[in-house]
Amino acid sequence: MKATVIIPAAGSGRRMGGSISKQYLELAGKPILAHTLTLFENHPLIEHIYLVVPAGDIAYCQEQIVDRYSFSKVARIVAGGSERQDSVSHGLDAVAQDGLDQPLRPILIHDGARPLFDCQHLSLLIEAVCDTGACTIGVPVKDTIKTVENSTITNSPERSRLWQVQTPQGFQYQLIRDAFDRAAADGFVATDDASLVERLGHPVKMLEGDYRNIKVTTPEDILIAVALLGGTP
Ligand code: CTP
Ligand code: MG
């Protein structure tokens, strides 16, 4: 079954700093957000793209991203909210308003700031969503991870059990809708979508991706992304 993808790109890029929001910074001569959209535009299993951007940037994104690079699968550009979770929620609302809310329809959610996802993983991800309801891409952590409070280590979880979660994450429509509704009712906010589904007690499958799928977050990530793209800044 073909999937719909929601791309949250409505953040302000606080950790990146600078005057231009990070999703518009250019890598190899093309905005990060355009790189990300290209991945899904070109994939045969993706039917529609819902792009979520800051309310004041909708016209800019229509002209400078969607029209300029001729992204034909972008069904709508939607205004984001103050937290990532609000932005994804607005994307889900738009999907439902457009009649794409069949309970089993696979909905993928992918950060606008991850331009290096390898779409070879998409068919397995969508298959797992159809089979199990919920699946995310991730990689085993390389470093040893600690929890820290007041500059003191409080816990050292065993590394072999730890994974770094990435996007895309995929869910059957009704499951992710229920997860967002429950989180809203409980005032629960998380930094990824799988966390909301986990709270429902529904299992989320982890599919191994690769280490290239970085989230461009701080200035050194630009250097890494440029190197991985093999281009010039
Ligand atoms: N995002 C969003 N709406 C928000 C916050 C974030 O759509 N209110 C998006 C970002 O644009 C990004 C993705 O969610 O594509 C992952 O978020 P993150 O890397 O944290 O980006 P920012 O929130 O922009 O960065 P920062 O946290 O450093 O401000
Ligand atoms: Mg953020």
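The values are calculated or read from the model by the stated rules, or taken from the named source; none is laboratory data. Values in this document were obtained by computation on a predicted structure and should not be read as measured data. We place every Cβ from the backbone using ideal geometry, glycine too, and count neighbours over all the protein chains shown. Heavy atoms of the whole protein, side chains included, go into the accessibility calculation; ligands, DNA and RNA do not. Shrake-Rupley method; radii C 1.70, N 1.55, O 1.52, S 1.80 Å.
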Give me a count of the residues in the range 186-213 that are assigned to a loop (DSSP other than H, G, I, E, B) and open to solvent by less than 30 Å² (accessible area, probe 1.4 Å).
-> 5
Hits in the range 58-94 - residues which are of a type in the set (D, E, K, R) and away from ligand 2 (no atom under 16 Å from the Cβ) | E63, D67, R68, K73, R76, D93
Looking for whichever is more than 16 Å from ligand 2 (Cβ to nearest atom), within 16 Å of the chain's Cα centre (by Cα) and charged (D, E, K, R) here; the options are D118, D143, D111. Which one fits?
-> D118
Scanning the range 3-19 residue by residue, those of a type in the set (G, A, S) and touching a Ser or Thr at 6+ places or on another chain (Cβ under 9 Å) turn out to be A9, A10, G11, S12, G13, G17
Subset of the range 16-49 that is β-branched (V, I, T) and within 13 Å of ligand 1 (Cβ to nearest atom) - its residue that is nearest to the chain's Cα centre (by Cα) = T36
Do any strands (runs of 3 or more DSSP E) entirely within the range 46-138 hold 1 or more residues that are at negative phi and open to solvent by less than 10 Å² (accessible area, probe 1.4 Å), and if so, which?
-> 46-53, 106-109
Determine which member of the set T147, T136 is at pLDDT 95 or above, within 23 Å of G209 (Cα to Cα) and of a type outside the set (F, W, Y).
-> T136
Check the range 58-66 and report whether any residue there is of a type in the set (F, W, Y), closer than 22 Å to L122 by Cα and modelled with pLDDT of 95 or more.
-> no
Identify, please: which residue in the range 150-173 is open to solvent by 70 Å² or more (accessible area, probe 1.4 Å) and small (G, A, S) and is, among those, nearest to L124 (Cα to Cα)?
-> S160
